[in-house]
Amino acid sequence: MTVGLLIVSHSGKIAEGLVELAAQMAEGVAIIAAGGTDDGRIGTSFDRVSAGLSAADSGDGVVVLCDLGSAVLTAETAIDFLDDGDRARVAIADAPLVEGAVAAAVAAATGSDLEAVAAAAATANSSTAGAGEGSGDAPVDLESKEGEAATTADGPYARSVTLVNRDGLHARPAAEFVKLASRFDATVTVNGKDAKSLLAIMGLGLTAGTTVDLVSSQPDGRQAVDALAELIESGFGES
Amino acid sequence: MTLGTDWAIAWIRRSADVVAEHRVELITLDREIGDGDHGENLDRGFSAVVAKLDTLPEGSTPADVFKLVATTLISTVGGASGPLFGTAYLKAAGAVAGREDLDSASLVDLLTAARDGVVLRGKAAVGDKTMIDAWTPAVDSAARAAEGGQDEKSVLEAAAQAAETGARDTEPLVAHKGRASYLGERAVGHRDPGAQSSSLILRAAVEVAG
């Protein structure tokens, strides 16, 4: 199973709409809406949040995303009422609701743990999320590569590929891309941004026809770069 | 003269009446610097509490009363005041657990724990233009009265008076917490609705004491 998400909003429509949006990029993740009061007004409901916490928790924990002030208070209160064991598996993400939920959902779909999913949500706080971290410093010892790979014996492994799908790296392809990148331990950068950070990738605004540079300085990065390059060249199943 | 379960129940009933009487005033205050639901939310919450008071078993302590209030407010209020007041009553219940009759020192314990609960939940400080601006002077004033050897009703009177002054003193403040904090200088000149409802509730405690 994966980490679950609980969306706490003052509005039932916001919570449900966001569940729909995030689920599109994160199949198999339990994303539960807890929006509005028990009788459907604007507000937050302790009972809905409490029920949502248990519905979202499959044993790997729950990351809670909240909108305005009292949503956080209601969530914190509901968490206080949990048993110690359950409480340890819940984290409230410090993140804007929509961007945070989407980033968290994709991270959860890749099998990230509670801390990593909350951290993925928090990347939504910064436009420079994941910028180039980890690239360039790792020791490299790569053999010469055949084919189109532009690499040297002791430099980083890099490939330039052109986005062929119509909409470029917009939400769904970006999510697919990040999920693939997350399967590898190696750090790969896309035009200098962390390939595992959905919001950093989406923030690049890469449209059809753009050439992107995939780079990894790590010994095991070649496989990751190749897989990602193939995914981009495949057009993500779009025409 | 100590205050027991009858007082605790009477306090809650009186709080519900006072909140209902001041519903429109609280809605207006909240509409000016918030989202306008404070009066309605609290009224609904306390009405739900009153409906449940009759279910309290024979032999309940004041702490049992406050615990019932806490869980009911948290479940029914909907806005920030649900978790805030709910946590206040929950912590108050914890502070006086097992005590059947509350003397002056116990009342100070109760008020202090309630205030600490609001701080824990809302993370506001004095001067942020929140209900803490009513609660903290109330706690300080009650503690001084109790240390001075005053009786229970006088301790509650000291708390209520300080809360009323504290609520009034939120008017010139810029808000640093809650919905009003989005307004900046525009919140100046308006009384904080949570501080006002807190002072009403603390006044209710005196009115039904002895």
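Looking at the structure I just gave you, is A:Arg41 facing chain B (nearest Cβ under 9 Å) and basic (Lys, Arg)? Taking the combined requirement at face value, the residue satisfies it. Any residue in the stretch B:79-90 that is within 8 Å of chain A (Cβ to nearest Cβ) and assigned to a loop (DSSP other than H, G, I, E, B) sitting within a Cβ distance under 6 Å of a residue that is surrounded by fewer than 24 Cβ atoms within 10 Å (Cβ to Cβ) and modelled with pLDDT of 95 or more? List the pairs, counting only those 6 or more apart or interchain. Every condition considered, no pair remains.
Here A:Gly111 passes the criteria (1) within 14 Å of chain B (Cβ to nearest Cβ); (2) touching a residue at least 60 places away in the same chain (Cβ under 8 Å); (3) not in a helix (DSSP H, G or I) except the one numbered (1). Count of the stretch B:51-102 residues, restricted to those that are closer than 19 Å to B:Trp135 by Cα, open to solvent by 10 Å² or more (accessible area, probe 1.4 Å), of a type outside the set (Gly, Ala, Ser) and touching an Asp or Glu at 6+ places or on another chain (Cβ under 8 Å), is 1.
Counting only residues that are assigned to a loop (DSSP other than H, G, I, E, B) and of a type in the set (Asp, Glu), which one in the stretch B:34-78 is farthest from the other protein chains (Cβ to nearest Cβ)? Out of the qualifying residues, it is B:Glu58. Can B:Ala105 be described as out of contact with any Cys (no Cβ under 9 Å at 6 or more places or on another chain), open to solvent by less than 60 Å² (accessible area, probe 1.4 Å) and part of a loop (DSSP other than H, G, I, E, B)? No, not satisfied. Scanning the stretch B:111-126 for residues that are in contact with a Leu (Cβ under 7 Å, 6 or more places away or on another chain) and either within 11 Å of B:Pro62 (Cα to Cα) or modelled with pLDDT of 95 or more (or both) yields a count of 2.
Residues that are aliphatic (A, V, I, L, M) and buried (at least 16 other Cβ atoms within 10 Å of the Cβ) within the stretch B:21-47 comprise B:Leu26, B:Ile27, B:Leu29, B:Ile33, B:Leu42, listed in sequence order.
Scanning for something within 12 Å of chain B (Cβ to nearest Cβ) and buried (at least 23 other Cβ atoms within 10 Å of the Cβ), does the stretch A:11-25 turn up at least one residue? Checked the stretch A:11-25: no residue is within 12 Å of chain B (Cβ to nearest Cβ) and buried (at least 23 other Cβ atoms within 10 Å of the Cβ).
Any residue at all in the stretch A:91-100 that's open to solvent by 20 Å² or more (accessible area, probe 1.4 Å), away from chain B (no Cβ under 14 Å) and more than 18 Å from A:Leu198 (Cα to Cα)? The answer is yes; a qualifying residue exists. Among the conditions (1) within 14 Å of chain A (Cβ to nearest Cβ); (2) closer than 16 Å to B:Leu111 by Cα; (3) not β-branched (Val, Ile, Thr), the only one that B:Ala158 does not satisfy is (1). Any idea how many residues of the stretch A:54-70 are open to solvent by 10 Å² or more (accessible area, probe 1.4 Å), in contact with a strand residue (DSSP E or B) (Cβ under 8 Å, 6 or more places away or on another chain) and more than 14 Å from chain B (Cβ to nearest Cβ)? Of the residues in the stretch A:54-70, 4 are open to solvent by 10 Å² or more (accessible area, probe 1.4 Å), in contact with a strand residue (DSSP E or B) (Cβ under 8 Å, 6 or more places away or on another chain) and more than 14 Å from chain B (Cβ to nearest Cβ). Identify, from the list B:Ala204, B:Ala195, B:Ala180, B:Ala163, the residue that is crowded, with 22+ Cβ neighbours inside 10 Å, within 14 Å of chain A (Cβ to nearest Cβ) and of a type in the set (A, V, I, L, M). Result of the check over B:Ala204, B:Ala195, B:Ala180, B:Ala163: B:Ala180.
Filtering the stretch A:187-207 to residues that are under 15 Å from A:Leu231 (Cβ atoms) and either in the same structural domain as A:Ala118 (by TED's automatic domain parsing) or part of a loop (DSSP other than H, G, I, E, B) (or both) leaves A:Val188, A:Ala195, A:Lys196, A:Leu206.
When B:Ala105, B:Ala145, B:Ala138, B:Ala134 are checked against the criterion of being more than 14 Å from every other protein chain (Cβ to nearest Cβ), in contact with a Lys or Arg (Cβ under 8 Å, 6 or more places away or on another chain) and in contact (Cβ under 8 Å) with a residue 12 or more places away in the chain, a single residue qualifies: B:Ala138. Residue check: A:Ala75 meets all listed conditions (1) within 14 Å of another protein chain (Cβ to nearest Cβ); (2) open to solvent by 40 Å² or more (accessible area, probe 1.4 Å); (3) not in a loop (DSSP other than H, G, I, E, B) but one, namely (2). Set side by side, the residues B:Gly45, B:Gly86, B:Gly78, B:Gly39 differ, and just one is closer than 28 Å to B:Arg179 by Cβ and touching a strand residue (DSSP E or B) at 6+ places or on another chain (Cβ under 7 Å), which is B:Gly78. I'd like the full set of residues that are modelled with pLDDT of 90 or more and open to solvent by 10 Å² or more (accessible area, probe 1.4 Å), limited to the stretch A:29-39. Once the filter is applied, which keeps residues that are modelled with pLDDT of 90 or more and open to solvent by 10 Å² or more (accessible area, probe 1.4 Å), the stretch A:29-39 yields A:Val29, A:Ala30, A:Ile31, A:Ile32, A:Ala33.
The values are calculated or read from the model by the stated rules, or taken from the named source; none is laboratory data. Fair warning: this is a prediction, and the values are worked out from it, not measured in the lab. All Cβ positions, even for glycine, are placed from backbone atoms using ideal geometry, and neighbour counts span all protein chains on display. SASA here: full protein model, heavy atoms, side chains in, ligands and nucleic acids out. Shrake-Rupley method; radii C 1.70, N 1.55, O 1.52, S 1.80 Å.
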